[in-house]
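Visitor: I'd like to ask some things about the structure below.
The values are calculated or read from the model by the stated rules, or taken from the named source; none is laboratory data. All figures in this text were calculated on a predicted structure; none of them were measured in a lab. So basically every Cβ, Gly included, is an ideal-geometry build from the backbone, and we count neighbours across all protein chains shown.
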Amino acid sequence: MKVVGIDLGGTKICGGIISDSGLILKRVERDTGKGVGSEEVIRRISLVIDELLEGEEDIIGIGIGSPGFIDTFNGKVLTVGGNIEGWAGTDIKGNLSKKYPNHQIFVGNDANVAAICEGWLGAGKGFDSFLMITLGTGLGGAIYTKKQGIWFGQNFQGGELGHGILYPNGRKCSCGQRGCVEQYVSGTAIEKLYYELTGNFMKGKDIFKSYDSNKDAKVIVDNFANNLAIYISTLKNIFDPEGIIVGGGVINSKDYWWDKMIDSYYDYVNDPKGMQIVPAIYLNDAGMIGAGKLAMDNILSMNVTEI
C-alpha cells in the first residue's frame, strides 16, 4: 500500500510517497508562498502531488496535514486558517478532488497528523496518552490516546495548544485573541521578538546559533525556553498525560534551549512525577508520514465497512 502524504506549512509544502511501513519512498518540496492567497496555495499543493504521482500507478489515496481549524470529516478549513493568509474557509478536499477524482483525499490538522506519526512509529509509540507540541512557523498541538486516537473536540478545535493564552491582553494573534502561546513560543515569535529588541531581522535558526555570542539572542532564547516551560507545566496539570512530545522545525535547535526548558519546568510544576517530556523522533517528516497514515487508516476503514 502506498499513499501520498502532504505536510502544508506556513513556509513550505512537503510531500512524499509513504509506504504502509512508514517509509518515505519519494519526496518533493515547494515554497508555500507568503500572501499568495488560497487558490495559489492549492495550485502549489497540486504541483507537489503531480510530481509525486508521475510514473506511479498504485497510489491509493492522498492525505494532507494543514494548519488551522480543520473539519477533518469534510476536509475544510474552518474559521481559523493558521499562518497561511486567506486560508480560513478553504475547501481543501473539494478543490483537490476535482483534479484527482480517482484518489480518495483526507485532510487533518497539521499537528494532529504529526501526532499520528509519532504515535505510530515515533516518540509516542510507548505511550497510552500524550500531547504533541509542534514548534514551527506557529505552535500546533494535538491530544492523543491509543484508545480514542486524536481528540478533535466538538468544533474541531481540540488540541489547538498554540491558542492557549499565556499572557492575557498580550500580543495580537492571527486567530483574533491576544496573548496566545504561539506569539511567544514559535519560530515566528523568536524572529519578531528579536527584531523588536534589536531593530535587526535575523532568521530564527540563526538567532539560536548565535546564542553563545550574541547577548540579545541569549535573552530571546532564554525567554522562549522559560515560556515553553511555563506552558508545559500548565498542560501537565490540565491533561496529566504519560508524555509530552515536542516536535516541529524549531526542535532542530534544541541544543540551545532544551536543557533550560527542562530545568525551568521543574522549577514551575507542582508535581513532575509520571510524565515524560521528549523530543519528537520524526521531526520535519512527521507531518508527511502522519498525513499518509491518515489516508491509509481511512481507506482501510472504508474497505472493512464495505465488506
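Visitor: Name the single residue, out of those in segment 70-83 being crowded, with 24+ Cβ neighbours inside 10 Å and modelled with pLDDT of 90 or more, that is nearest to GLY35 (Cα to Cα).
Guide: Filtering first and then ranking leaves VAL77.
Visitor: Now, a different point. So which of SER210, SER186, SER174 ends up being assigned by TED's automatic domain parsing to the domain that holds ILE245 and closer than 30 Å to PHE127 by Cβ?
Guide: The match here is SER186.
Visitor: Could you tell me whether LEU235 is part of a helix (DSSP H, G or I), in the same structural domain as ASP271 (by TED's automatic domain parsing) and either in contact with a helix residue (DSSP H, G or I) (Cβ under 6 Å, 6 or more places away or on another chain) or not aliphatic (A, V, I, L, M) (or both)?
Guide: No; evaluated as a whole, the condition is false for this residue.
Visitor: Return the only residue of ALA111, ALA88, ALA115, ALA123 being without any contact (Cβ under 8 Å) to a residue 40 or more places away in the chain, out of contact with any Cys (no Cβ under 6 Å at 6 or more places or on another chain) and either part of a loop (DSSP other than H, G, I, E, B) or on the phi < 0 side of the Ramachandran plot (or both).
Guide: Testing whether each residue is without any contact (Cβ under 8 Å) to a residue 40 or more places away in the chain, out of contact with any Cys (no Cβ under 6 Å at 6 or more places or on another chain) and either part of a loop (DSSP other than H, G, I, E, B) or on the phi < 0 side of the Ramachandran plot (or both) leaves just ALA88.
Visitor: Being under 20 Å from GLY81 (Cβ atoms) and in a loop (DSSP other than H, G, I, E, B) is the filter here, so list the residues in segment 36-62 that pass it.
Guide: VAL36, GLY37
Let's see how each residue does on (1) touching a residue at least 24 places away in the same chain (Cβ under 8 Å); (2) surrounded by 15 or more Cβ atoms within 10 Å (Cβ to Cβ):
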{"position": "SER213", "(1), (2)": "no, no"}
{"position": "ASN227", "(1), (2)": "yes, yes"}
{"position": "ASN237", "(1), (2)": "yes, no"}
{"position": "GLY243", "(1), (2)": "yes, yes"}
{"position": "LYS254", "(1), (2)": "yes, yes"}
{"position": "TRP257", "(1), (2)": "yes, yes"}
{"position": "TYR266", "(1), (2)": "no, no"}
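Visitor: Return yes or no: is LYS273 surrounded by fewer than 22 Cβ atoms within 10 Å (Cβ to Cβ) and at pLDDT below 95?
Guide: yes
Visitor: Right, something else. If you take the residues of segment 193-214 that are farther than 15 Å from VAL250 by Cα and assigned to a helix (DSSP H, G or I), which of them is farthest from the chain's Cα centre (by Cα)?
Guide: Checked segment 193-214; the qualifying residue farthest from the chain's Cα centre (by Cα) is THR198.
Visitor: Considering each residue of segment 261-285, count those that are over 15 Å from TYR231 (Cβ atoms) and either assigned to a strand (DSSP E or B) or touching a Phe, Trp or Tyr at 6+ places or on another chain (Cβ under 8 Å) (or both), and give that number.
Guide: 3
Visitor: I would also like to ask the following. Enumerate the pairs (first residue in segment 153-166 and under 15 Å from THR79 (Cα atoms) and surrounded by 15 or more Cβ atoms within 10 Å (Cβ to Cβ); second residue anywhere and charged (D, E, K, R) and modelled with pLDDT of 95 or more) with beta-carbon separation below 6 Å, excluding pairs fewer than 6 apart on the same chain, so at least 6 apart or on different chains.
Guide: Matching pairs, first to second residue: PHE156/ASP71.
Visitor: Still on this structure, I have one more. Confirm whether GLY63 is within 18 Å of LYS293 (Cα to Cα) and outside the structural domain of SER253 (by TED's automatic domain parsing).
Guide: yes
Visitor: Exactly one condition in (1) modelled with pLDDT of 95 or more; (2) more than 22 Å from GLY10 (Cβ to Cβ); (3) not acidic (Asp, Glu) is false for VAL246; which is it?
Guide: (2)
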